[in-house]
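Data first, discussion second: the structure below is written as structure tokens.
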Amino acid sequence: MRIDIVTIFPDYLAPLELSLVGKARSEGLIEIGVHDLRDAATDRHRSVDDEPYGGGPGMVMSPQPWGDLLDPLVTDSTLLVVPSPSGRRFDQVTAQDWSQREHLVIACGRYEGIDSRVMAHYAQRCEVAEVGIGDYVLAGGEVAALVIVEAVTRLLPGVVGNARSVIEDSFAPGEMEGLVEGPVFTRPPVWRDQAVPEVLLSGNHAEIARWRHEQALARTQRMRPDLVGPDVNAPEAQE
Ligand code: 6GU
């Protein structure tokens, strides 16, 4: 897979040289290109934004630099990703889907966003997806691009050493589908008066799997009731 990222802050994407994504790049499991939008500006100030038509606060990113920079990057098999707080939510299912694509281009907007005609134009040439990463407002798409690249990269074959850790992730389809993960423990067996739950030391794998599922369900009910609906065993649900 190849991912091209377009931004006015290429340095913001330096973390993509580190850790899991950095290793996947050096092993040739993914190619990532970072492009400075200002390289496509035509005036001596390298401007990429202008005042919004119709008035209002802030600035809007001009279509010309976007068009000039994206034209040579986009093919009909590209998925053009536009991070935006007004996009549909980026989730694990989306990450799974995108990890099968051959080419993503991520267009990071700043200010009040990118002139809407850019998305309309490229929607005629390739698939375009506007996505947000949560219900809060960031200063630009770069952090979302980091999130998307990491979530997608770790799903590529050969990137995560233990394939089970990807399969058994929170939100991943399978046994724990729709649940967040429960608590985990490692040595020592007692730390500051707290013992590791007995069942995990029992060696009974069926019991352990059952316990983990119970814990995952309980934690999901507590932390993410939106994922499982109300707990019918909770005291306030009785009577
Ligand atoms: Cl993708 N961009 C910005 N600017 N803010 C966000 C977001 C994206 N997702 C949530 N908030």
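The values are calculated or read from the model by the stated rules, or taken from the named source; none is laboratory data. Keep in mind the model is a prediction, meaning the values are calculated, not measured. Ideal geometry is used to build each Cβ from the backbone, glycine not excepted, and the neighbour counts take in all protein chains shown. Each accessible area value is taken on the protein alone, full model and side chains, heavy atoms only, with ligands, DNA and RNA left out. Shrake-Rupley method; radii C 1.70, N 1.55, O 1.52, S 1.80 Å.
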>> Nearest 5 percent is fine: what portion of the DSSP beta bridges confined to region 1-129 is antiparallel?
In response: 10
>> Are there any GluC sites (Glu not before Pro) in region 128-199 that are in a DSSP loop and have at most 11 other Cβ atoms within 10 Å? List them by number.
In response: Glu177
>> Could you tell me which residue out of Thr7, Leu29, Pro52 lies farthest along the dipole of region 1-55 toward its positive end? Charges go on the beta carbon: Lys and Arg +1, Asp and Glu -1, centred on the Cα centre.
In response: Leu29
> So if R0 is 25 Å, what FRET efficiency would Asp43 and Ala120 give, r being the distance between their Cβ atoms, rounded to the nearest 0.05?
Replying inline: 0.55
>> Pairs of alpha-carbon atoms within less than 8 angstrom and 6+ residues apart define the contacts here; what relative contact order does region 1-59 have, in percent?
In response: 35
> For the chain, modelled as a Gaussian network with Cα springs under 10 Å, which listed residue fluctuates most, Asp169, Asp43, Asp76?
Replying inline: Asp43
>> Can you tell me which of Leu69, Leu146, Leu18 moves the most in a GNM of the chain? Springs connect C-alpha atoms under 10 Å apart.
In response: Leu18
>> Taking amide H atoms as placed 1.01 Å from N in the peptide plane, list the residues 5 or more away in sequence, or in a different chain, whose amide H sits under 5 Å from that of Asp4.
In response: Gly33, Leu104, Val105, Ile106
> In degrees, nearest 10, range 0 to 90: what is the angle between the Cα axis of helix 205-223 and the longest Cα principal axis of the chain?
Replying inline: 60
>> Taking the 0 to 90 degree range and rounding to the nearest ten, how far is the long axis of helix 142-153 tilted relative to the main principal axis of the chain, both from C-alpha atoms?
In response: 60
> Which value in nm describes the separation of the simple spin-label points at Arg2 and Ile208, placed 7 Å from the Cα toward the beta carbon?
Replying inline: 4.4
>> I want the antiparallel fraction of DSSP beta bridges within the chain, as a percent rounded to 5.
In response: 20
> What percentage of the solvent-accessible surface of the chain, computed with a 1.4 Å probe over protein heavy atoms, is contributed by carbon and sulfur atoms?
Replying inline: 51
> Dipole of the chain, Cα-centred, from +1 at each Lys and Arg C-beta and -1 at each Asp and Glu C-beta, to the nearest 20 debye?
Replying inline: 500
>> Just to confirm my numbers, what's the Cα centroid distance between region 6-36 and region 37-106 in Å?
In response: 17
> Summing Lys, Arg as +1 and Asp, Glu as -1, what charge do residues with Cβ under 12 Å from the Cβ of Met59 carry, Met59 excluded?
Replying inline: -4
>> Which trypsin sites (Lys or Arg not before Pro) in region 1-52 sit in a loop by DSSP (not H, G, I, E or B) and have at most 15 other Cβ atoms within 10 Å of their own Cβ?
In response: Arg44, Arg46
> Between the DSSP loop rule and a limit of at most 15 other Cβ atoms within 10 Å, which chymotrypsin sites (Phe, Trp or Tyr not before Pro) in region 132-201 are left?
Replying inline: Tyr136, Phe185
